[in-house]
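Below is one structure, written out as structure tokens; comments come after it.
The values are calculated or read from the model by the stated rules, or taken from the named source; none is laboratory data. Small disclaimer: the values here were computed from a predicted structure and weren't measured. Here Cβ is always computed from backbone atoms with ideal geometry, including for glycine, and neighbour counts include all displayed protein chains.
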Amino acid sequence: TFVIVGLDLVKKEIIISHRGSQNTINWLSNFDYKLNSMDSSKSDIKVHSGFLEVYRSNEKAVNKYLHELLKDPKYKGFKVIFTGHSLGAGVTTIHAAKVASSIKDMGNQVELYPYHSPRVGDINFSEFVSSLNISIARYTNRKDPINRLPGRSMSFSHILGELHLPSSDKSNLPVNCDQKFVEDPNCAL
């Protein structure tokens with residue numbers, strides 16, 4: 001799937017956006033629900049195998065370019081924003097989880113904005129993402145069934161940071177969901 005890296009020189013932001021499902025191959029990735037280790041050093045942290053495979057298809061090129069930007073003095077202190085919709089939200093969540101620590105070690109702030117994301121990993125993954133101490137706003141909509149997939153019965157869990165849109169009425173403001181719950185029952189469930 002497609003990923004783009006953009007720059008906002010005024011706001012001092014590097015924006016990494018992963019595209020959502022556009023074709024049959026993307027949809028097959030969505031339904032590859034197995035939980036696999038995120039990487040060999042974190043074998044107890046499991047993620048959606050389809051999203052992980054999509055991430056790996058772009059990983060080397062995108063991360064090489066990102067780190068070249070971050071090493072360039074022109075972009076010193078730029079905030080790095082990860083975003084995506086649906087499949088892209090799942091992929092961008094894995095991407096942020098895998099590189100946030102190294103970006104923060106370079107002195108850059110990291111933010112994650114997944115829109116209408118499926119569940120990406122297990123509870124260990126959710127806890128790992130929380131431990132990264134990055135800014136997260138995970139937008140959901142009650143009418144979107146994608147937020148409920150893959151099922152919790154398959155050991156999947158959402159990351160924290162849910163902002164819920166209770167209806168499609170554009171005048172509605174998002175509800176800040178209770179972060180005491182891994183998944184607030186008053187939000188997208």
Q | Residue list for the stretch 89-113, restricted to those being under 11 Å from Leu52 (Cα atoms) and not charged (D, E, K, R) | A | Gly90, Val91, Thr92, Thr93, Ile94, His95
Q) on the phi > 0 side of the Ramachandran plot and over 11 Å from the mean Cα position of the chain (by Cα): does that describe Gly50? A) no
Q: Select from the stretch 93-107 the residues that are more than 8 Å from the chain's Cα centre (by Cα) and either buried (at least 21 other Cβ atoms within 10 Å of the Cβ) or not in a loop (DSSP other than H, G, I, E, B) (or both) and list them in ascending order.
A: Lys98, Val99, Ala100, Ser101, Ser102, Ile103, Lys104, Asp105
Q: Would you check if Tyr55 is more than 23 Å from Leu163 (Cα to Cα) and touching a strand residue (DSSP E or B) at 6+ places or on another chain (Cβ under 9 Å)?
A: yes
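So that you can scan it fast, the table gives a plain yes or no per residue for (1) surrounded by 24 or more Cβ atoms within 10 Å (Cβ to Cβ); (2) small (Gly, Ala, Ser); (3) in contact (Cβ under 8 Å) with a residue 60 or more places away in the chain:
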position	(1), (2), (3)
Ser57	no, yes, no
Lys60	no, no, no
Asn63	no, no, no
Leu66	no, no, yes
Leu70	no, no, no
Val91	yes, no, yes
Q. Taking the stretch 117-141 only, how many residues are more than 26 Å from His67 (Cβ to Cβ), in contact with a His (Cβ under 7 Å, 6 or more places away or on another chain) and either aliphatic (A, V, I, L, M) or free of Cβ contacts under 8 Å to residues at least 60 places away in the same chain (or both)?
A. 4
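To keep it simple, each residue is scored yes or no on (1) farther than 23 Å from Met154 by Cβ; (2) in contact with a Gly (Cβ under 8 Å, 6 or more places away or on another chain).
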| site | (1), (2) |
| --- | --- |
| Lys42 | no, no |
| Phe51 | no, yes |
| Asn58 | yes, no |
| Val62 | yes, no |
| Leu69 | yes, no |
(Q) For the stretch 142-153, which positions are exposed (fewer than 14 other Cβ atoms within 10 Å of the Cβ) and either of a type in the set (Lys, Arg) or within 14 Å of Phe125 (Cα to Cα) (or both)? (A) Lys143
Q: Test Phe82 against the stated conditions and say whether it is closer than 26 Å to Pro145 by Cβ, in contact with a Phe, Trp or Tyr (Cβ under 9 Å, 6 or more places away or on another chain) and either among the aromatic types (Phe, Trp, Tyr) or at pLDDT 95 or above (or both).
A: yes
